[in-house]
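What follows is calculated from the coordinates using simple rules that are stated; it is not laboratory data. Just so it is clear, the model here is predicted, and its values are computed rather than measured. Positions of Cβ are backbone-derived with ideal geometry, glycine not excepted, and every protein chain shown enters the neighbour counts.
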Amino acid sequence: MIKVVENEHIRIFRLELGPFGTNSYILTCQETNESVVIDAPGDVDLVVAQLNETHPQYILMTHGHVDHIGGLAELKSALNIPVAAHQGEAGDLPVTVDLLLNDGDELSLGHIKVKALHTPGHTPGSMCFHTGNYLIAGDTLFPGGPGRTHSPDDFRQIVTSIREKLFGLTDDTEVYPGHGEPTTIKEAKEEYEAFSARPHEPNLCGDVVWTT
Ligand SMILES: [Zn+2]
Ligand SMILES: [Zn+2]
C-alpha cells in the first residue's frame, strides 16, 4: 500500500491486490474522512482494514474484468455500501450494481467531488474517475499506450475516448492506471501525438503501444 497523493483536500492510497497485482485506489476527504474505494481485485481484509479508518461511501468500478472484481462480493458484504458502475459492465459484476453511472455523473465524498467519465474501448462500460488533478484510469490509459482492445473498432473507440474525454483534462493531471505506475496527461498527449503522426495498419488492436 502506497500513499500516492496527499494535500490539504484529499489523500489517495494505491493498493496492489489479488492474484494479478491489480491496482485499487482509496480516495479520502481530508476534512470529513469520507472515502471511496475504486475496484476490488481481492485481499479484502487489507482493504477493509484501511477503510476502517475512514467513512467509506461507495465502491466504484472502472470495469468488470476478472482482475478487478475478484474481491467485490466479499468487499460489498463487508462494507455494506453501494456499488457504482456503468450499465455496460453490470452484467459482468458478481453483485448487483446499486448506482448506475453515466458520463459526467458526480459523486461526493465529504468536500471532494469525483466525476465519472465514460471511456469505452477496453470494455463497453469502462469508466475513469476524475477529481482535482488526479485521474483513476482503470485499464483505459497507461504509461506508453492505451489499454488492450479486442478489435480494430474497439481500438478506434478507446483512442476516441482518450482524445475526447481525457486529453481535455489539464496537462498536469496525474493518471493512475489499473496496473503499474502512473503517468500524466501531458506525457500521454506527447506520446499519442507522435503515434498519430505515423501511418498505421487499419486493423490495429490488442496491446498497442504509442511507439507502434
Ligand atoms: Zn481490463
Ligand atoms: Zn486490468
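A Cβ distance below 6 Å, combined with a sequence gap of six or more or placement on separate chains, defines the contacts here; from segment 9-38, residues that are on the phi > 0 side of the Ramachandran plot reach residues that are of a type outside the set (A, V, I, L, M, F, W, C) in the pairs 18/41; 18/42; 18/70; 33/54; 33/55. Scanning segment 29-51 for residues that are aliphatic (A, V, I, L, M) and away from ligand 1 (no atom under 16 Å from the Cβ), we see that the one that is surrounded by the fewest Cβ atoms within 10 Å (Cβ to Cβ) is 49.
The strands (runs of 3 or more DSSP E) falling completely within segment 40-123 that include 3 or more residues that are farther than 30 Å from residue 154 by Cβ map to 55-60. Screening segment 57-87 for residues that are of a type in the set (Gly, Ala, Ser) and either more than 15 Å from the chain's Cα centre (by Cα) or more than 15 Å from residue 125 (Cβ to Cβ) (or both) and picking the one that is nearest to ligand 2 (Cβ to nearest atom) gives 70. The number of residues in segment 138-160 being over 18 Å from the mean Cα position of the chain (by Cα), of a type in the set (Gly, Ala, Ser) and within 16 Å of ligand 2 (Cβ to nearest atom) comes to 0.
Quick grid of which residues meet (1) within 15 Å of ligand 1 (Cβ to nearest atom); (2) over 25 Å from residue 58 (Cβ atoms); (3) touching a Gly at 6+ places or on another chain (Cβ under 8 Å):
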| site | (1), (2), (3) |
| --- | --- |
| 104 | no, no, no |
| 124 | yes, no, yes |
| 131 | no, no, no |
| 138 | yes, no, yes |
| 143 | no, yes, yes |
| 152 | no, yes, no |
| 155 | yes, yes, yes |
| 168 | no, no, no |
| 174 | no, no, no |
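Could you list, in sequence order, all residues of segment 177-211 that are assigned to a loop (DSSP other than H, G, I, E, B) and without any contact (Cβ under 8 Å) to a residue 24 or more places away in the chain? Answer for segment 177-211, where residues must be assigned to a loop (DSSP other than H, G, I, E, B) and without any contact (Cβ under 8 Å) to a residue 24 or more places away in the chain: 197, 198, 199, 200, 201.
Farther than 24 Å from residue 85 by Cβ, within 16 Å of ligand 2 (Cβ to nearest atom) and touching a strand residue (DSSP E or B) at 6+ places or on another chain (Cβ under 7 Å), is that true of residue 175?
no
For segment 72-86, check the following and say yes or no: at least one residue is in contact with a strand residue (DSSP E or B) (Cβ under 8 Å, 6 or more places away or on another chain), buried (at least 21 other Cβ atoms within 10 Å of the Cβ) and not hydrophobic (A, V, I, L, M, F, W, C). Looking through segment 72-86, at least one residue is in contact with a strand residue (DSSP E or B) (Cβ under 8 Å, 6 or more places away or on another chain), buried (at least 21 other Cβ atoms within 10 Å of the Cβ) and not hydrophobic (A, V, I, L, M, F, W, C). Tell me whether segment 12-28 contains one or more residues that are more than 20 Å from residue 178 (Cα to Cα) and buried (at least 20 other Cβ atoms within 10 Å of the Cβ). Checked against the condition, which is being more than 20 Å from residue 178 (Cα to Cα) and buried (at least 20 other Cβ atoms within 10 Å of the Cβ), segment 12-28 yields no hits at all.
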